[in-house]
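Note sheet for the following structure.
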């Protein structure tokens, strides 16, 4: 009982400063991505022809990336540092999960001309931390958007005692270094951070931590990366007990 | 399926276009963005506020259906303060949806008390899909809970528990929440064994912290604080941030008389979640009792600081800090604080309690002449004010009065406590100890005996009248008994029972039903969680010609008691 986290990292002033800075950055990103989404979806027909459209679309992609990273950093900082992420698994309907994930990726997908295939049991109920799982899936889809040719799929199904969630694309597949990083992420033998050198390391690390937080009856969540899959490109797999 | 995802108003069966919205954010860019999103849902009535103060003014004027509130609002009130004040002052409809928006998922979100929780949290940036999904979900949940909340508000806990069961069988998605509510209702109805069954059933599925803590609370109630302590510690070991378990663990330690351990636990909890007014107050109170003056001072100061913008701000922190100054031999500063407290807080016998604290401060700092003067003034106040404060305050006052040399007033106070608690053996022994300390053991014993007999005689006469069928006289006699013994649980319960008999035998009379409800509301306030309370409330509810009649009577009774209707902590 005496190893409580009462040694808050850094001074309270610094913590307050960081918290308010984050608050500020989040506001700016919200406005930035909101405005871009509005511009991209308002002038769909007219603007698609203009030269600026792909550039705006790319701006939106980068904004989303920035936001993903920020969310992940915040969640991780609290996990690794203190005072900890308030992990809160609750029963959720899969239809609602998909609704929230797809709505976040919708404009970006449209602006890049990418189709999203969905296959999921709408009324199924599963217990997980909703905000964290949305974060992992949106990140995986944004990542697939970077690698795909023109098609991304989100497939959710029950596999034995696990919920199996897959994001696949029809691109070239993950480069060997990424697959290696994915394997390292789930390997207990390797030290926790050596795969962080990769540019996608943070996202993988975040996804792995989220997966591992989910435990039920001696079973633990996991992630995996593979190539091939139903669309022939990269495949991100999240399994939740 | 493709990625085409358009917003159609009415999705999920709810029409969001005719609702009234309030947006609260200090950043104008965010307000514009959110307004845009709401317009896409078809919303027409959208008000905005840039600060917590502005929001409170608008909330007092208009009953909004949906409130979107940023947690971080710059200087002044934050989102939590806005929510607490809105709930406390009944500025929200039962159907209102309050969504808290924040840049990150806050620890407070899972460890705060249930009555201060928003309906949902949303992490920035808000996207329309997430907003709509959560609005629909909360709306549906409110529908499912509407009748249960109504029964809860009427304090018909047994009915509320039954309604939870009925809904749980139909709503798989909300089953766990419904079972949690059911267990909480059963605890309030004084049925811990039934609540235990619910918690154990939930735990078969998953290790929910609240269910484990619920089982521990039942052990504590059953007089097993050591077993409860172990269970609370196990919950904390598995989840360092389940702060409710810390507060309960401290209670378990207090029950075992282990004040230092209780203080340590509260100190840890206050470090994890420092912005709770009640927690800082409890920490300060325990630290003061232990003589840890620096810790007590920090806690009371923090309590005053965070209370500045909160409806939960408490005069206790001022009294506590005044005692700290007394201990530091600075009675001047203590008196200045007490004056400020009387100035800021009205009602609840603040002046009387300030005077008690003043006497304690002078006594502790060795100024016996001034302490005696405070004692004499207290005696005068007791003459002109017939209502007595809570038991602890009365005991503290009697102890002080004896210490400064006042003789009659403290005797009366202790007799008052003996009359009103004539079958509470623990308290009666405590009263005897106060007499012992004042070197009045024998006189005290006789006084306590006489007071108990007085209470027993009054009750026996009422019961005799009732049993011999003289119902009108019995009702009349119990009214007098309640004036003489306003806080005696047996008198109060029998009073309500006799009123109910009258209603059953002579037909429904609205005035008598209201009288019974008022008596029971008073019981639930001074001693919550009584089995007999829940049973009598249920009988009354079944007799009422229309459910609405009961609801409005309960509302009136609560209002008369100055008790805002709100969701309470489990």
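Derivation of every value follows stated rules applied to the coordinates shown; laboratory data play no part. In this text, all values refer to a predicted model and were calculated from it rather than measured experimentally. In this analysis, Cβ positions are derived from the backbone assuming ideal geometry, glycine residues included, and neighbour counts consider all displayed protein chains.
List of remarks:
- Spin-label proximity, residue B:227 to region B:241-275 - amide N less than 17 Å from point 7 Å beyond Cα toward beta carbon: B:249, B:252-253, B:255-256
- Coarse-grained scattering of region A:90-240 at q = 0.11, 0.12 Å⁻¹, given as base-10 log I(q)/I(0) from a Debye sum over alpha-carbon atoms: -0.39, -0.47
- Point-to-point label distance, residue B:449-residue A:180, nm (Cα→Cβ direction, 7 Å offset): 9.2 nm
- Simple spin-label estimate for residue A:164 and residue A:115 gives 2.4 nm between the two label positions (7 Å along the Cα-to-Cβ direction from each Cα).
- Volume of the Cα convex hull of the protein assembly as shown, divided per residue and given in Å³: 172 Å³
- Per residue of B:119-132, other chain Cβ atoms within 10 Å of the residue Cβ number 6 on average.
- Cα-derived Rg over Rh, computed across region B:11-142 with Rh taken as Kirkwood radius: 0.92
- Using alpha-carbon coordinates, inclination of helix B:175-188 to the longest axis of chain B, degrees: 10 degrees
- Using a Förster distance of 35 Å, the FRET efficiency for residue B:467-residue B:552 (Cβ separation, nearest 0.05): 0.60
- Extension gain from residue B:62 to residue B:312, taking 0.36 nm per residue of separation minus the Cα-Cα distance: 87.7 nm
- Directionally averaged projected area (convex hull, Cα atoms, chain B), nm²: 28.9 nm²
- Förster-model FRET efficiency, 25 Å R0, residue B:379 and residue B:456, C-beta, rounded to 0.05: 0.30
- If a spin label sat at a point 7 angstrom from the Cα of residue A:90 along the line to its beta carbon, the backbone N atoms of region B:231-272 nearer than 20 Å would be those of B:239-245.
- Peptide-level mean, for A:88-99, of C-beta atoms on other protein chains within 10 Å: 4
- With Cα atoms, 0 to 90° folded angle of helix B:368-384 axis to chain B main axis: 80 degrees
- For chain B, the longest principal axis of the C-alpha atoms and the axis of helix B:225-238 are separated by about 30°.
- Extension gain for the segment residue B:140 to residue B:90, taken as residue separation times 0.36 nm less the Cα-Cα distance, is 15.8 nm to one decimal.
- Principal axis box of region B:308-399, alpha-carbon based, largest edge first, Å: 38, 33, 21
- Length gained on full extension, residue B:336 to residue B:408: 23.0 nm, using 0.36 nm per residue less the C-alpha separation.
- Förster-model FRET efficiency, 35 Å R0, residue B:526 and residue B:368, C-beta, rounded to 0.05: 0.50
- From largest to smallest, the equivalent ellipsoid semi-axes obtained for region B:459-560 from the alpha-carbon gyration tensor read 20, 17, 11 Å.
- The protein assembly as shown: antiparallel DSSP beta bridges as a percent of all, rounded to 5: 55 percent
- Sorted peptide list for A:167-175, B:363-371, criterion being average Cβ within 10 angstrom, highest first: A:167-175, B:363-371
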